[in-house]
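The next block holds one structure in the form of structure tokens; read it before the comments.
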Amino acid sequence: MTVAVAMVLSFVESQIPAFVAVPGVKIGLANLAVIFALFVFGWREALAVSLVRVLLVSLLFGNAVGWLYSLSGALLSFLVMLALRATGKFSVLGISVAGGVFHNIGQIAAAMAVLRSEGVLYYLPPLLLSGTIAGAVIGIASAILIDRLGNCVKM
């Protein structure tokens, strides 16, 4: 069910027009489902949600190279969020912000590898800023969802 929520959120986000001039900037609505799963169901469910979402969204809405960028961002973001969660020292908000930032770092790393160019690093500053802002918005929303729904759906 969490994957279905992530898919719906990805579709909804794909219908929202870009609100900044930097290509690729998104709020990351589907990350709500990943963070919710990480805090409520555990890392295995969260990883499954993240990977299955990347696969399905890439098949339905993606292109030949987009899946690699998405996968790179999702995996790096997930690993960082998992590591921070394991310390027990970070809030949902902090973990989400780190996830947003590292998702963009993972995508830039993939773009550098595919394009064999460091030129894409020029995108990094605005992407880090947008990742921080989007991560904060998603983190606040995730914290509210976890607080209000976490005990209702916990298995």
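Coordinate-derived values only; no laboratory data. Fair warning: this is a prediction, and the values are worked out from it, not measured in the lab. With ideal geometry, Cβ positions are generated from the backbone for all residues, glycine too; neighbour counts draw on all protein chains shown.
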What length, rounded to one decimal in nm, is gained on full extension from SER91 through to ALA136, with 0.36 nm per residue of separation minus their alpha-carbon distance? 15.1 nm
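Under a point-charge model restricted to the Cβ atoms of Lys and Arg (+1) and Asp and Glu (-1), what is the dipole moment magnitude of the chain relative to its Cα centre, in debye to the nearest 20? Working shown, then result.
Values: 8 positive and 4 negative charges, 48 e Å.
The calculation lands at about 220 debye.
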Yeah, the chain with a ≥ b ≥ c from its alpha-carbon gyration tensor (a/c under 1.5 is rounded, else prolate when a/b outruns b/c, oblate otherwise) is prolate
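Among ARG53, ARG44, ARG85, what is the fewest-to-most ranking by other Cβ atoms within 10 Å?
Values: ARG53 24, ARG44 10, ARG85 20.
In order of increasing Cβ crowding within 10 Å: ARG44, ARG85, ARG53.
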Which of VAL5, TRP67, ASN104, positive extreme of dipole for the chain (C-beta unit charges): VAL5
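Which of rounded, prolate or oblate describes the range 111-155 when judged by the alpha-carbon gyration tensor and an a/c cut-off of 1.5?
Values: a/c = 9.43, a/b = 2.62, b/c = 3.59.
Because a/c hits 1.5 or more and a/b fails to exceed b/c, the range 111-155 counts as oblate.
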What net charge do the residues around ALA98 carry, taking every other residue with its C-beta under 14 Å from that of ALA98, with Lys and Arg at +1 and Asp and Glu at -1? +2
Does the range 46-135 classify as rounded, prolate or oblate by the C-alpha gyration tensor (a ≥ b ≥ c root eigenvalues; a/c under 1.5 gives rounded; else a/b over b/c gives prolate, otherwise oblate)? oblate
From fewest to most C-beta neighbours within 10 Å, the residues LEU82, LEU145 line up as LEU82, LEU145
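Would you list GLU13, GLU118 from fewest to most Cβ contacts within 10 Å? Write out the running numbers ahead of the final one.
Working: GLU13 14, GLU118 9.
Ascending number of Cβ neighbours within 10 Å: GLU118, GLU13.
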How far, in degrees from 0 to 90, does helix 2-14 lean away from the longest principal axis of the Cα atoms of the chain, to the nearest 10? 40
Between 0 and 90°, nearest 10: helix 43-61 axis offset from the chain longest Cα axis: 40
Folded to 0 to 90 degrees: helix 31-40 orientation relative to the chain principal axis, Cα: 30
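I need to check one value: relative contact order of the chain, counting alpha carbon pairs closer than 8 Å and at least 6 residues apart, in percent. Kindly include the intermediate steps, with their values, before the conclusion.
Working: 203 pairs, mean separation 41.2, N = 155.
Contact order relative to length: 27 percent.
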Charges on Cβ only, +1 for Lys and Arg, -1 for Asp and Glu, centred on the Cα centroid of the chain; of LEU56, GLY131, VAL92, which one is farthest towards the dipole's positive end? VAL92
